[in-house]
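Written out below as structure tokens is the structure these notes cover.
The values are calculated or read from the model by the stated rules, or taken from the named source; none is laboratory data. Because the structure is predicted, anything quoted here is derived from the model rather than measured. In this analysis, Cβ positions are derived from the backbone assuming ideal geometry, glycine residues included, and neighbour counts consider all displayed protein chains. Each accessible area value is taken on the protein alone, full model and side chains, heavy atoms only, with ligands, DNA and RNA left out. Shrake-Rupley method; radii C 1.70, N 1.55, O 1.52, S 1.80 Å.
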Amino acid sequence: RLERCLVDEGRSGMTNHSMQGTPYRSEGPQPLVREIPAGDVYPVEALGPLRGAVEAVQGMTQAPMAIPAQSALAVASLAVQGFANVQTLGGERPLSLYALTIAQSGERKSACDAPLMAALREHERERSQAQREATESWMNTHAVWKVERDQILKETQKSKGEKRVAAQVDLDALGREPEAPPSADRTVSEPTFEGLTKLLAQGQPSLGLFSDEGGQFLGGHAMNNENRQKTLAAFNDLWQGNAIRRTRSGDGHSTLFGRRLAVHLMVQPSVARIFMADPLAVDTGFLPRFLICEPQSTIGSRLQANTTYDELALNTFSRRMRLILEAEMPMDADTRELRPRVLELAPDARALVAAFADAVEQAQGAGGSLAHITGTASKVAEQACRIAGVLTLWRDLNATDVPMSAMENGVALAKFYLSEASRLASAAVVSAEIDNAERLRRWLLEGWPEPEVLVRDVVQLGPNALRETPKARAALGILEKHGWLVALEAGTVVRGAARKEAWRVLRGG
């Protein structure tokens, strides 16, 4: 209504000014991409037992609070997801969380991730050394087993009657082939679908896909046109707690039950826009399973005088991480299938998340505030339960239910991520071409001193993404179409020479 009143008032003013002979002034060219409004403040108080470590990392790096918060939630999810499933309004679900953090280069993503991952990395190093020693022992055992088996097979082929039966008995008594020690790795950064399923089959049943250069995964082999659909399906199944089925020539068909995967991808905005605009990622429900945030940059305000250190909080976090990682996950000894217990919801916690789910459901209706992100909105109550479950087990690995306090935190965090998803939804439709044109527009206005610009100026001096002639010309054409450039006639003298192709830059007033 306010906007309509302003428009009507403007029309009235235009009429009066026109009657008085005031000349019309054009608004000039407009930005290609509407600036995304700032998001809500991250509710760090809702992180419960993770809050101290997150605030410590934020004080040390002065990065946006959401970046270390995402790291802490993801690594906590990895730590506890093998021990329990959480009860939700739709049945029991894994405690696995998928997180996507969008931040530009220089936002100290890696610096935030490192201290929160330190205990996990140390655990992996120690287990890797133990695995190497176990592998050496296994190789000797396996060699002996193979020699004995080959000898028995040889005798079986030569023998007849009772001797052949006896040899067969010996073969049965020898037993199955000794299995190699499982991989000690708990994390991967750029897996293919085949590599991930193989590691889940032969290694740990609970893994984390963590990368502070998430664009390498989103743009890698696993997500190319040939593999994207099966990769997305596998990730969706893992998030849901379903079995993973794979069929490969030579290996045949196999099914993996009881596997878990936590995910945290840190990506730059340009990569995120492409991913969020991918219809397959949206339509398959892959993207709506992520806790997404793009915090406001703190670059330019990170003064050394404001840096704080809280070693106690970080040490407490690391000790807790080590304690959980060293605990034995419940699993089948032969198949390594996880056997997680069910973490129930306390009655008041269930009532709270049910009320939250109803409010979100109503907002998804036609004309509602969440009608444009129904995929994300439909999963947000479950996300609240998952987050609450992670916080509960981080505090007490032997907990039997999710208390009201944890669910209050889970709902508060889920509301934040839902708000972020709504805020960022419009940015997902921006094409790569428009993104390039916007980069060029900003460069021309902020870094190019000349009144005219040539294609070769952009190729030689412009943004890195436009250092190829076709891309540069395409971006120039888009800016011309939107009124930021005016094409000059062929032969116009620019910087002392006649040019076949050149544009005059409009600064937009």
(message) With unit charges on the beta carbons (Lys and Arg positive, Asp and Glu negative) and the dipole taken about the Cα centre of the chain, which residue among 105, 466, 355 sits farthest to the positive side?
(response) 466
(request) May I ask for the net charge around residue 299, where only other residues with Cβ less than 11 Å from the Cβ of residue 299 are counted and Lys, Arg are +1 while Asp, Glu are -1? (result) +1
(request) Express in Å², to the nearest 10, the accessible area of residue 109 obtained by rolling a 1.4 Å probe over the protein heavy atoms while all chains stay in place. (result) 20
(request) Count the net charge of all other residues whose Cβ sits under 12 Å from the Cβ of residue 375, scoring Lys and Arg as +1 and Asp and Glu as -1. (result) +1
(request) Round to the nearest 10 and give me the degree value, 0 to 90, for the angle of helix 311-326's Cα axis relative to the longest principal axis of the chain. (result) 40
(request) For residue 154, list the aspartates and glutamates whose Cα falls under 14 Å from its own Cα; do not include residues on the same chain fewer than 8 positions away. (result) 170
(message) Ordering 309, 42 by accessible area with a probe of 1.4 Å, largest first, what comes out?
(response) 309, 42
(request) For the chain, build the charge dipole from Cβ charges (+1 Lys, Arg; -1 Asp, Glu) around the Cα centre, then report which of 390, 145, 493 sits farthest towards its positive end. (result) 493
(request) Once you have the Cα-Cα distance between residue 139 and residue 151, take 0.36 nm times their residue separation minus that, and quote the gain in nm to one decimal. (result) 2.5 nm
(request) Using amide H atoms built 1.01 Å from N in the peptide plane, name the residues 5+ places from residue 98, or on other chains, whose amide H lies under 5 Å from its own. (result) 263, 291
(request) Mind listing the long-range amide H neighbours of residue 494? Cut-off is under 5 Å, sequence gap 5 or more, other chains count too, H placed in the peptide plane at 1.01 Å from N. (result) 499
(request) May I ask you to rank 297, 369 by accessible area, largest first, using a 1.4 Å probe over the protein chains only? (result) 369, 297
(request) Select from 295, 402, 65 the residue farthest towards the positive end of the dipole of the chain; place +1 on Cβ of Lys and Arg, -1 on Cβ of Asp and Glu, and compute about the Cα centre. (result) 295
(request) Hey, can you grab everything whose amide H is under 5 Å from the amide H of residue 85? Only 5+ residues off in sequence or another chain; H modelled, so Pro and N-termini drop out. (result) 341, 342, 343
(message) Given the whole protein assembly as supplied and a 1.4 Å probe, what does the accessible area of residue 372 come to in Å², nearest 10?
(response) 100
(message) I'd like the orientation of helix 109-158 relative to the chain: the angle between its Cα long axis and the longest Cα principal axis, in ° from 0 to 90, rounded to 10.
(response) 40
(request) Could you tell me the accessible area of residue 405 in Å² (1.4 Å probe, neighbours in place), rounded to the nearest ten? (result) 70
(request) List, in the order given, every pair from 230/379; 109/481; 109/415 whose Cα-Cα distance in the structure shown is over 26 Å. (result) 109/481
(request) Quote the charge dipole size of the stretch 376-476 about the Cα centre in Debye, to the nearest 20; the model charges only the Cβ of Lys and Arg (+1) and of Asp and Glu (-1). (result) 120
(request) Would you work out what percent of the accessible area of the chain, with all protein chains in place, is carbon or sulfur (probe 1.4 Å)? (result) 51
(request) Could you please put 411, 41 in sequence from largest to smallest accessible area, using a 1.4 Å probe? (result) 41, 411
(request) Skip the ligands, DNA and RNA, and give the accessible area per residue of the chain with a 1.4 Å probe, whole Å². (result) 51
(request) Calculate how steeply helix 469-481 sits against the longest principal axis of the alpha-carbon atoms of the chain, using the helix alpha-carbon long axis, and give the answer as 0 to 90 degrees to the nearest 10. (result) 50
(request) Quick one: compute a quarter of the convex hull surface over the Cα atoms of the stretch 374-509 and quote it in nm². (result) 12.8
(request) Calculate, axis by axis, the spread of Cα positions in the chain along the three principal axes, and write the results as whole Å, longest axis first. (result) 116, 61, 50
